[in-house]
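Just so it is clear, none of the values below were taken in a lab; they were calculated from the coordinates. These numbers come from a predicted model, not from an experiment. Cβ sites come from the backbone with ideal geometry, for glycine too, and all protein chains shown count toward neighbours.
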Amino acid sequence: MASRGALRQDFGPGYSSAVPGLPSRPLPAMSNAPRGPPDMRQLCKAFANLVGPPLLFMFVSSLLSFKLHFQLEGLIWIPALAALVVPAYLAHCTEKHAAEHRLDRSWPRLSMVLFSIAAISGIVFGALNYWYAAWPSYALEGLRIYNDIDASETQGARLLDSGLVNFAKGSRVLTDLAMSYTDQETYCVAPITTNRGKKTKDTSLASYDLWAAGVGCCSPGQSNFKCGEFDNPDARQGLRLVDPSQLEYFQLAVQQAEAAYNLQVGHPLFFTWVKDADQGLGNFFRTAFKNFIVANIFHAGFNLVCVVAFVVLFAGSGKDTGLAALDEY
């Protein structure tokens with residue numbers, strides 16, 4: 001019988017056998033040769049990771065930021081969550097396939113991370129951008145426009161479906177009766193009226209129901225109301241405030257004004273006092289769209305840095321493939 005060394009010699013260098021006399025698979029080659037230029041497959045993987053996550057972020061954030069969210073309401077979360085689960089699952093399957101065939105698993109792992117970050121950040125940003133910037137615009141579009149409203153003669157119950165109110169000539173914000181309520185933020189209110197509704201020692205309106213309001217535009221405990229275009233003599237329009245998270249604090253401020261100035265308040269409604277309500281309404285959408293553009297540019301830049309850093313530090317090193325092969329051996 002040939003010796004163990006002879007058998008190894010017959011099968012050539014690079015072979016090893018756990019059982020004397022039997023050949024085995026070759027050990028994986030571990031080369032220290034410098035890396036060559038990336039092949040087409042590597043370039044395609046890099047391109048997919050450069051373009052895919054930003055497109056996913058754009059899709060998810062646009063889905064949640066704009067009118068489709070307002071129209072579908074809760075149903076919008078079905079495609080949004082699918083955009084989170086499907087790419088991550090596909091990347092996981094690709095990584096599993098690479099592991100089974102001893103392929104480089106670094107790119108699938110990078111894809112799983114980048115696509116997950118894109119989906120999660122897109123969902124968070126889109127929801128915040130919708131509620132804080134876009135939603136008021138869509139909510140007010142479905143409400144009515146009232147013209148030539150005399151605030152000194154109009155009760156709030158008459159304007160419950162108002163979105164935009166054009167007040168009668170001579171209407172103004174009565175800053176002398178302003179009040180604020182502070183709970184982390186300062187919520188400011190002041191009644192909208194005409195000269196006829198100005199409170200004196202002997203006269204007062206039956207009810208002060210229409211109020212100009214704003215957040216952070218007055219000092220706590222003082223009547224220095226500076227919300228909206230309060231000092232513009234041409235301002236006679238009110239853009240309805242409909243954010244439920246703010247209305248309860250505005251109502252508390254009105255209750256304090258009732259007690260401080262001995263006012264009668266029926267059903268208070270709150271408005272942003274402006275000269276051009278149409279422009280104010282458009283500002284909501286413009287703000288939401290600007291936020292959308294800035295967020296997409298920021299995410300694309302972040303994604304680019306991640307891919308470039310990965311290519312420089314890890315891609316094509318062969319470390320992952322070599323370790324997997326040793327494990328199998």
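Residues of segment 36-75 with the amide nitrogen closer than 17 Å to a label point 7 Å from the Cα of Arg102, along Cα-to-Cβ, please. From segment 36-75, the list is empty. Could you tell me the calculated FRET efficiency between Leu81 and Val312, based on Cβ-Cβ distance and R0 = 30 angstrom, to the nearest 0.05? Result of the calculation: an efficiency of 0.30. Amide H to amide H, with H built 1.01 Å from N, Leu269 comes under 5 Å of Leu210, Trp211, counting only residues 5 or more places away or on other chains. Couplings for segment 169-179, taken from phi via the Karplus curve 6.51 cos²θ - 1.76 cosθ + 1.60 with θ = phi - 60°, read 4, x, 6, 7, 8, 8, 5, 5, 10, 6, 8 Hz in order; Gly and Pro are left as x. Per-residue Karplus couplings for segment 75-91, computed as 6.51 cos²θ - 1.76 cosθ + 1.60 with θ equal to phi - 60°, are listed in order as 5, 5, 6, 5, x, 5, 6, 5, 5, 7, 7, 4, x, 5, 5, 5, 5 Hz, Gly and Pro entered as x. In sequence order, segment 281-286 has phi-based couplings of 5, x, 5, 4, 5, 4 Hz under the Karplus curve 6.51 cos²θ - 1.76 cosθ + 1.60, θ = phi - 60°, and Gly or Pro positions carry x.
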